[in-house]
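Reading through the structure tokens given below for one structure.
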Amino acid sequence: MNALEKSVIACPSMALPFIFAFLFLLSGDFRAAATAAECEGRWIYIRELPSRFNTDLLATCDNFPLLFELREQQEKSLLPFIANHGLGPRTHNRSHSWYRTDPLFMELLFHRRMLEYPCLVADPAAADAVFVPYYAAIAALPFLYSPDQWNSSALHGRDLADWLRRDRPAIWSRRAGHDHFLAVAGAAWDFDNDPAQTTVWGTAFLGLPECYNLSALTLESRAWPLQEHAVPPPTSFHPATLGRFNAWLARARRSRRPALMLFAGGAASSSGRPNIASSIRAECELRRDLCDIVDCSRGACAHDPGRFMRPMIRARFCLHPPGDTPTRRSTFDGILAGCIPVFFEEASAARQFGWHLPRRRYSDFSVLIPKEEVVFRGRRIADVLEAIPRARVRRMRNAVLELAPAVMYRRHGSSTALRARKDAFDLAIEGVLRRIRRRVQAMEQGTNPLVLVGEDEEEQHQQHLQPSDS
């Protein structure tokens, strides 16, 4: 860790505003490569928020003991994971591509990457979209993990909404906020409460009338997303060069995979009620010759990618049951490992990540076993997977590895060759620009701009996922 990164950890609220200003000046080297023609319809303006809305918040991450109690992880400080602009510290000193990444800092990662976006514009009137670098999930921590503020959760984001309307009001009023977007390092479910009602959990950030028009890039969307779209959570793999990215893919392709299936997760529920995770664990315990288990209890896997990536690269199928929420970060770790995902309900991925995983090709790279058949009808997962012909398994693994660029967040400042390969950030920005374009067109035509995302929009961009590009 260099001196600059140590200073950020020691006093993030003081150091980061200056660092971001310095990086914005340097980012011209990246932006100069794009021509006006290439940026047509893609110009983005970054709102210059006061630091209390982003970098100042980072210094408060350790102020919530309840957060660490619920996470059950060994680390009692989140500040080290601010390093490398949200990628976290390297897994070890000689590591070039692997980091101890905490998804909570996805907003910081997006903020840093936006500074490298090749089509930034200084005049908001010339922008096709406006990025709001608000660290919403970190701002939500006191409302989620400080009991004395639980009854005040409707206040989350109100100060931002007021500021957006007051500061240079023409920027917001130009399109009533429909061209504004931000990243949120959490599930939309945690931010969709009714601001007029007292809640047990969550905040009302997405429920604020002032925020209805914002587009949010969240780690998980609701069943009927209005403002948000789900993007992959950051994994721990952030290569800086195309050579290192390709080297990892080559390793995943040639890896011997003696295990039929793998489950990485916490201990079985003690409630005694039937559930898919407990059924998976029970089957794996009985069939240790076919199934590997990675115990992630008490946060053991949160910041230790080696604990689960080594077993994943040796397994043919990775089991991804829903937990407290439908999706799992391990889905994307498994894709990078070339481990074919096995889902137990469609909401686990097929209804979530349409900009990054092609909805109409799920059968090409994944297996769906309805959880009811396993839990209540006794269907054996191993029997289903063993029945898949080897040739098809090879095709599925190749299709999984073709998706790897789309779910990987490359390191900021990466090589020109790697920047030419669209990663998860690039696809998220393309997707939100399409969504904003539809909303603006609806406004101009006098129709309701708050349209739901349909499969037609999801599929418009799938060219990048065809095998010829990988």
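The values are calculated or read from the model by the stated rules, or taken from the named source; none is laboratory data. Bear in mind the structure is a predicted one, so any value in this text is a computation, not a measurement. In this analysis, Cβ positions are derived from the backbone assuming ideal geometry, glycine residues included, and neighbour counts consider all displayed protein chains. Note: areas computed on protein heavy atoms with side chains; ligands, DNA, RNA excluded. Shrake-Rupley method; radii C 1.70, N 1.55, O 1.52, S 1.80 Å.
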Exactly one of Arg377, Arg361, Arg397 is modelled with pLDDT of 95 or more and either surrounded by fewer than 16 Cβ atoms within 10 Å (Cβ to Cβ) or not in a loop (DSSP other than H, G, I, E, B) (or both), and that residue is Arg397
Arg298 vs. criteria surrounded by fewer than 16 Cβ atoms within 10 Å (Cβ to Cβ), in the same structural domain as Phe344 (by the TED database), farther than 30 Å from Asp128 by Cα and without any contact (Cβ under 8 Å) to a residue 60 or more places away in the chain
no
Exactly one of Leu160, Leu182 is surrounded by 13 or more Cβ atoms within 10 Å (Cβ to Cβ) and assigned to a strand (DSSP E or B), and that residue is Leu182
All-but-one check, Phe105 against (1) open to solvent by 20 Å² or more (accessible area, probe 1.4 Å); (2) touching a Gly at 6+ places or on another chain (Cβ under 9 Å), failing number (1)
- Kindly indicate whether Phe317 is within 24 Å of Pro225 (Cα to Cα) and within 25 Å of the chain's Cα centre (by Cα). no
Here the residues within segment 338-358 that are out of contact with any Pro (no Cβ under 8 Å at 6 or more places or on another chain), of a type in the set (A, V, I, L, M, F, W, C) and crowded, with 20+ Cβ neighbours inside 10 Å are Cys339, Ile340, Val342, Phe343, Trp355, Leu357
Among residues of segment 47-81 being open to solvent by 40 Å² or more (accessible area, probe 1.4 Å) and assigned to a loop (DSSP other than H, G, I, E, B), the residue nearest to Pro142 (Cα to Cα) is Asn63
request  = State yes or no: is Glu402 more than 22 Å from Ala282 (Cα to Cα) and open to solvent by less than 60 Å² (accessible area, probe 1.4 Å)?
outcome  = yes
Of (1) under 24 Å from the mean Cα position of the chain (by Cα); (2) surrounded by 20 or more Cβ atoms within 10 Å (Cβ to Cβ); (3) in the same structural domain as Val375 (by the TED database); (4) without any contact (Cβ under 8 Å) to a residue 24 or more places away in the chain, Leu262 satisfies every one except (4)
Of (1) at pLDDT 95 or above; (2) part of a loop (DSSP other than H, G, I, E, B), Cys301 fails just (1)
Q.
So for segment 398-413 (the condition being in the same structural domain as Pro358 (by the TED database) and farther than 26 Å from Pro103 by Cα), does at least one residue qualify?
A. yes
Note on segment 211-253: residues of a type in the set (S, T, N, Q) and part of a helix (DSSP H, G or I) are Asn246
Filtering segment 316-337 for residues that are in contact with a Lys or Arg (Cβ under 6 Å, 6 or more places away or on another chain) and open to solvent by less than 10 Å² (accessible area, probe 1.4 Å) leaves a count of 1
